[in-house]
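> One structure is given below, represented as structure tokens, and several questions about it will come after.
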Amino acid sequence: MRYEVINIPPEVYIFHISEFSDEELIDLSRSLRLNLNLVELRSIREYFRTKLNRGIFDLELHSFSQLWSEHCRHKVFRGLIVDENGEPIIDDMLKNYIAKATEKCNKPWIVSFLKDNAGIIEFDDTYSIAVKVETHNHPSAIDPFGGAATGVGGVIRDILGVWASPIACIDVLCFGPLDYPMDAIPRGFKHPKYLFRGVVKGIGFYGNNMGIPTVAGAICFDEGYVGNVVVYAGCIGILPTSSYKFSSKPGDKLILMGNSTGRDGIHGASFASSDLKEDSERISRSAVQIPDPVEEEKLRRAIIRIRDEGLASGITDLGGGGLAVAVVEMADRIGGGARVFLDEVHLRESMLPWEIWISESQERMLLMVPSENVDRVLEIAEEEDLKTSVIGELTENPFIDVYYHGTLLCHIETSFLLRPPKARYVAKWYAPKLHEPFFDEPMDYGDLLCKLLSSPNICSREEVIRTYDHEVQGNTVIKPLHGDYGGPSDAVVLKPVSNSWRGVVISVGVKPWYSRIDPYWMAASSIEEALRNNVCVGGRRIAILDNFTWGNPEKPDRLGSLVRAVKACYDFAVGFDVPFISGKDSLYNESPLGPVLETLLITAVGILPDIRRAVTLDFKYAGNPIYLIGLTLPELGGSQYYRLMGYIGSSVPKVDVKSSKRIMELIIEAMDRGYIKACHDISDGGLGVAISEMAISSNFGAEIYLDRVPRVDVNRNDVILFSESNGRFLLEIDKKFEDEFCELVNSYGCNAGRIGFVSKNSRMVIHGLNGNVLIDLEVELLRKCWKGGLKL
Amino acid sequence: MKPKILIIRVAGTNCDSETARALEEAGASVQIVHTKRLIDRLLDLSSFHGLVIPGGFSYGDYVRAGAIWASKLYSKLMDEIVSFADSGKPILGICNGFQVLVEIGLLPGLGEFGLRSISLAPNDSGKFECRWVYLKPNGSNRVFMKYYTPDRIIRMPVAHSEGKFIASNYILKVFEERKLILLRYVMPNGSPAGGVYPFNPNGSYMDIAGICNVDGNVMGLMPHPERATYLWQYPDFTSKIYGELEYAYGDGYWIFKSMCDYIIEEII
């Protein structure tokens, strides 16, 4: 390999890339751990050969490594996808599926989508809501506490990065079964129990310390996560709409604020874009960052003050790829370049220039500040005990120039740094060969219900949620644990503005189990579930976020299933008329056990015009009728019931957009008219679990008649009780409005059945199709089963 | 004239704005100020009528909850704080603020300042606990508790890792004799929690959730009254009809209201 070393000091390498053969290029990428492929390396070689005609500095190579990583550039979502014959399937999924869906929905209340650090929608005439959800899977697999905590810290900075003040965190976590046999864990990987405890601790640590309530989320357990833990961290913020602006121009100073830069988190972005292996921990430990929530708390104070005084022209957080990515993206945004002096960066330890440039040390933000405001910004930072450095400025000249000790170590066009060669991937989806199982109806339904209620994917998450401060800031109206019994709220509601009754509704939908049958219907079900949950408490005007966790996209079957899921996102976002405002994909979730169970998290953010009208799931009054809205179909494929019986099945729940949308509109109208006393969606575990959860959350019981459940092609008690058909809700209707409610149902033309009533005696009594009593249990027993299923 | 109340903060304080909101609701005019400004003498503590040390994780609660903030206050501001308390002005410490008051020795204030005679130790559960609890207030304290009638059971949330109240038998006896225990964890029916989890969420001796000094004008409590100031903050407000409720405000509001009343009646 031809290179030279200059000692400025320290030593800096210059590689004569123009003369490199393809083999040498690959060797170079491997030895510097650049994670660049041959197409990309050739494009860099070509650029240096023809345009610059000089050697490439190590710092420049590392810039490409970060800026062109899958993590930063979404090469798969942006790429051309072809079938095995080379025929195009879809070009640029981000543009032609996700963004196109949003454009079709064409909502005037979207302030910013799919481009800034977070998606932004209007809250009211004055304020807007910013939302972002990220994954931190790879770091959490290596260091569950640090990985999860920095995942939370990172997504909070995304919110600060659009000038919003964080008001809530959410997290969705997926682990292998907690009782997974230790000797079946691959070498170099960690047991689900260890990961579970570490991740939960990390999430609580960051949110609690920073004073941001961790309010919503989900936890999934499945064998498909043993080799690949999944950690989604989300944050919601609020900002005066008028303060969302970007006015940076050449000459504005670049101010780096917050933590000192250190050697942690080097190559994080490229680490996140490769598979996990036996030696990942040894090789990539340094890619995991160190969390310091108190530092970020100070940053929050300073940034909100700088925002309110209008001192900065632009802002961005430092995440994957560190300074390199932040500076280049900001320079691109003004259509210019930047000049950076690495000597100015405040450091924790002595570092090489390229390390300073790409370090992902946490709790740092980059501000663009007009010269005349620099002193005031530094003063505010000083008052909040924050370290700052003025590290350079934006320039008109569209080049990124990076200096160290007076030597120019990078001089490349901004646009070239952000335009990797278009990638081409092959996709092929194979429908799995699955069968619907045949077995006799179970004998003991009471025992079955108890087993389902205490099963890992259904039981109460109270043990975990209590360790998260979900009340700080004092604005959590509908809490994740409802009432004295800690009922499982469908969605949470926040009241972010003191002098307004308007609320923000946050819910999630995640149905990874259906991926085993068909990722298309998995994605459809996840979207529907997120919307359903939001509607349950009264949410409307909903916007959604997509977060994909998939396997290696360079393998056609993985990509084939991803394309199916993204297609469903387009179809159902358009169908339900809900726009995507933000999203993120985490690919390369592979381990020696194979790919991760394909997981799509849909986060839904709705508006509740008056939080005093919020509806919760707990039964309110004995004697009130209970209605089931929506049709029950024989859809048990991938259900929790089949899982308990040891099957997967093939009858995956589908989504009927038209009827489901109609039902949601009906429910919102009935709520606004005050007819609905309690509302809960039917989801994992079907009607049996949903009705139990409503009783568990209250002091009442219920009397239910299965023959009154509206259904098609269903004549078994277990199918009615445990089918997971989408688009269904359970409602407790105020007795005195029952006639009006029924009229409303008729006018909407929805399927509804009066399946029973709320009873005073705290027993769950379910009558089967023949009129026999299938289940007759104390609610207290159901509560015990449900609450005892998960221990930290 | 409105009671002028100072809320102090440092890095890691995070309950200051909702505490200010609750105090303003109770009629106070509130200023939130970084402790640094007091230490640099840019602001005079004695110009305020009341002081509140809010919740949070001051300096990340490294060493011990509240310890670093307390050591700053003790070394730089202790004289001002002591004379503030001696003048009869109310000081309220919530959660992390309670931990700070214990660390600087203002609570229980029975011995030498700077020496801890009681402690807020890690919870028995070994975990952070965020949950609503039932409490029995001691209405004999006129500064903070005047709105609580003797039989009243109130509710507020706790959210902490280190809130287990520990003291020697001697001190506990003094507390009981002098009626310095202002809040105790109880069962939903009002009977003593008797240390039973989760009603007593942290294992506090004698179910103690809040105390005051001998003069009654310095109070510390682990629960968060600012998170129980409005009824919509309650975990089950959707199950209730407004008309059925006794007060328009939540239980926590009345601590702030009592404090403001006291300032208007006794201080201003």
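The values are calculated or read from the model by the stated rules, or taken from the named source; none is laboratory data. None of the values given here were measured: they were computed from a predicted structure. All Cβ positions, glycine included, derive from the backbone under ideal geometry; neighbour counts span all protein chains shown.
Conditions tested, residue by residue: (1) within 14 Å of chain B (Cβ to nearest Cβ); (2) more than 30 Å from residue A:536 (Cβ to Cβ); (3) part of a loop (DSSP other than H, G, I, E, B); (4) over 23 Å from the mean Cα position of the chain (by Cα).
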| position | (1), (2), (3), (4) |
| --- | --- |
| A:392 | no, yes, no, yes |
| A:402 | no, yes, no, yes |
| A:415 | no, yes, no, yes |
| A:437 | no, yes, yes, yes |
| A:442 | no, no, yes, yes |
| A:446 | no, no, no, yes |
| A:450 | no, no, no, yes |
| A:469 | yes, no, yes, no |
| A:477 | yes, no, no, no |
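Table: residues versus (1) over 22 Å from residue B:217 (Cβ atoms); (2) in a strand (DSSP E or B).
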| position | (1), (2) |
| --- | --- |
| B:18 | yes, no |
| B:21 | yes, no |
| B:30 | no, yes |
| B:38 | no, no |
| B:43 | no, no |
| B:63 | yes, no |
| B:69 | no, no |
| B:73 | no, no |
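> List every residue pair whose Cβ atoms sit under 7 Å apart, with the two residues 6 or more apart in sequence or on different chains, where the first one lies in segment B:47-67 and is at pLDDT 95 or above and the second, anywhere, is among the small types (Gly, Ala, Ser) and in a strand (DSSP E or B).
B:53/B:93
> While we're looking at this one, here's another question. Take the residues in segment A:608-642 that are away from chain B (no Cβ under 14 Å) and either assigned to a helix (DSSP H, G or I) or among the aromatic types (Phe, Trp, Tyr) (or both), then tell me which one is surrounded by the fewest Cβ atoms within 10 Å (Cβ to Cβ). Spell out the reasoning first.
First, the residues of segment A:608-642 that are away from chain B (no Cβ under 14 Å): A:609, A:623, A:625-642.
Checking the rest, the ones that are also either assigned to a helix (DSSP H, G or I) or among the aromatic types (Phe, Trp, Tyr) (or both) come to A:627, A:640-642.
Values: A:627: 25, A:640: 22, A:641: 25, A:642: 19.
Among residues in segment A:608-642 that are away from chain B (no Cβ under 14 Å) and either assigned to a helix (DSSP H, G or I) or among the aromatic types (Phe, Trp, Tyr) (or both), the one surrounded by the fewest Cβ atoms within 10 Å (Cβ to Cβ) is A:642.
> Let me ask you something else. Exactly one of (1) within 21 Å of residue A:466 (Cα to Cα); (2) more than 14 Å from chain A (Cβ to nearest Cβ); (3) assigned to a helix (DSSP H, G or I) is unmet by residue B:227. Its number?
Evaluating residue B:227 over (1) within 21 Å of residue A:466 (Cα to Cα); (2) more than 14 Å from chain A (Cβ to nearest Cβ); (3) assigned to a helix (DSSP H, G or I) leaves (2) as the failure.
> Which residues, taken from segment A:363-389, are over 27 Å from residue A:407 (Cα atoms) and part of a loop (DSSP other than H, G, I, E, B)?
Scanning segment A:363-389 gives A:363, A:384, A:385, A:386.
> Something else: Are any residues in segment B:1-37 of a type in the set (Lys, Arg) and surrounded by fewer than 21 Cβ atoms within 10 Å (Cβ to Cβ), and if so, which ones?
Step one: filter segment B:1-37 for residues of a type in the set (Lys, Arg), giving B:2, B:4, B:9, B:21, B:36-37.
Correct list: B:2, B:4, B:21, B:36, B:37.
> Next up: In the list B:213, B:202, B:189, which residue meets the criterion of being over 27 Å from residue A:475 (Cα atoms), within 14 Å of chain A (Cβ to nearest Cβ) and of a type outside the set (Lys, Arg)?
Details: B:213 fails: within 14 Å of chain A (Cβ to nearest Cβ); B:202 fails: over 27 Å from residue A:475 (Cα atoms).
Testing whether each residue is over 27 Å from residue A:475 (Cα atoms), within 14 Å of chain A (Cβ to nearest Cβ) and of a type outside the set (Lys, Arg) leaves just B:189.
> While we're looking at this one, here's another question. Among the residues of segment A:238-254, are any modelled with pLDDT of 95 or more and farther than 30 Å from residue A:380 by Cβ?
No, there is no match, as no residue in segment A:238-254 is modelled with pLDDT of 95 or more and farther than 30 Å from residue A:380 by Cβ.
> Another question, if that's okay. Can you pull out the residues in segment B:29-44 that are within 12 Å of chain A (Cβ to nearest Cβ) and closer than 24 Å to residue A:211 by Cα?
Correct list: B:32, B:33, B:34, B:35, B:36, B:37.
> Please determine whether any residue of segment A:509-521 is within 14 Å of chain B (Cβ to nearest Cβ), part of a strand (DSSP E or B) and aliphatic (A, V, I, L, M). It would help to see each step written out before you state the result.
Initial filter on segment A:509-521 (within 14 Å of chain B (Cβ to nearest Cβ)): none.
Scanning segment A:509-521, I find no residue that is within 14 Å of chain B (Cβ to nearest Cβ), part of a strand (DSSP E or B) and aliphatic (A, V, I, L, M), so the answer is no.
> Given A:464, A:566, which one is within 11 Å of chain B (Cβ to nearest Cβ), in a helix (DSSP H, G or I) and of a type in the set (Val, Ile, Thr)?
Matching residue, one of A:464, A:566: A:464.
> Identify all residues within segment B:62-95 that are within 14 Å of chain A (Cβ to nearest Cβ) and charged (D, E, K, R); write none if there are none.
B:72 - this is the single residue of segment B:62-95 that is within 14 Å of chain A (Cβ to nearest Cβ) and charged (D, E, K, R).
> Taking only pairs six or more apart or across chains, which ones have beta-carbon atoms under 9 Å, a first residue in segment A:469-490 that is at positive phi, and a second residue that is surrounded by fewer than 24 Cβ atoms within 10 Å (Cβ to Cβ) and polar (S, T, N, Q)?
Sorted first by the residue in segment A:469-490, then by its partner, the pairs are A:473/B:17; A:474/B:17; A:483/B:239; A:486/A:460.
> Considering only residues that are in a helix (DSSP H, G or I), at the interface with chain A (Cβ under 9 Å from one of its Cβ atoms) and either more than 21 Å from residue A:380 (Cβ to Cβ) or touching a Leu at 6+ places or on another chain (Cβ under 9 Å) (or both), which ones fall in segment B:45-61? Step through it out loud before you land on a result.
Quick first cut of segment B:45-61, residues in a helix (DSSP H, G or I) only: B:45-47, B:58-61.
This time we only want the ones that are at the interface with chain A (Cβ under 9 Å from one of its Cβ atoms), so: B:58-61.
Once the filter is applied, which keeps residues that are in a helix (DSSP H, G or I), at the interface with chain A (Cβ under 9 Å from one of its Cβ atoms) and either more than 21 Å from residue A:380 (Cβ to Cβ) or touching a Leu at 6+ places or on another chain (Cβ under 9 Å) (or both), segment B:45-61 yields B:60, B:61.
> Among the aliphatic types (A, V, I, L, M), in contact with a His (Cβ under 9 Å, 6 or more places away or on another chain), closer than 19 Å to residue A:685 by Cβ and surrounded by 17 or more Cβ atoms within 10 Å (Cβ to Cβ), is that true of residue A:721?
Judged against the criteria, residue A:721 is not a match.
> Let me ask you something else. Based on this model, can you work out whether residue A:188 counts as surrounded by fewer than 24 Cβ atoms within 10 Å (Cβ to Cβ) and not in a helix (DSSP H, G or I)? Walk me through it before giving the result.
Working: surrounded by fewer than 24 Cβ atoms within 10 Å (Cβ to Cβ): yes; not in a helix (DSSP H, G or I): yes.
Criteria met by residue A:188.
> While we're here: Mind listing whichever residues of segment B:136-164 are in contact with a Leu (Cβ under 6 Å, 6 or more places away or on another chain), farther than 19 Å from residue B:90 by Cβ and either modelled with pLDDT under 95 or buried (at least 24 other Cβ atoms within 10 Å of the Cβ) (or both)?
Listed by number, the list holds a single entry, B:163.
> Among helices (runs of 4 or more DSSP H) lying entirely in segment A:61-179, which contain 3 or more residues that are touching a residue at least 60 places away in the same chain (Cβ under 8 Å) and β-branched (Val, Ile, Thr)? Steps first, answer last, please.
On the way: elements: A:70-73, A:75-78, A:100-105, A:137-142, A:144-160.
In segment A:61-179, the matching helices (runs of 4 or more DSSP H) lie at A:144-160.
> What is the one condition in (1) more than 14 Å from chain B (Cβ to nearest Cβ); (2) under 27 Å from residue A:752 (Cα atoms); (3) surrounded by fewer than 24 Cβ atoms within 10 Å (Cβ to Cβ) that residue A:533 does not satisfy?
Looking at each condition in turn, residue A:533 falls short on (3).
> Which pairs do you get when a residue that is more than 10 Å from every other protein chain (Cβ to nearest Cβ) and part of a loop (DSSP other than H, G, I, E, B), found in segment B:234-245, comes within reach of a residue that is surrounded by fewer than 20 Cβ atoms within 10 Å (Cβ to Cβ) and modelled with pLDDT of 70 or more, reach meaning Cβ atoms under 9 angstrom, with the pair 6+ apart or on two chains?
B:245/B:231
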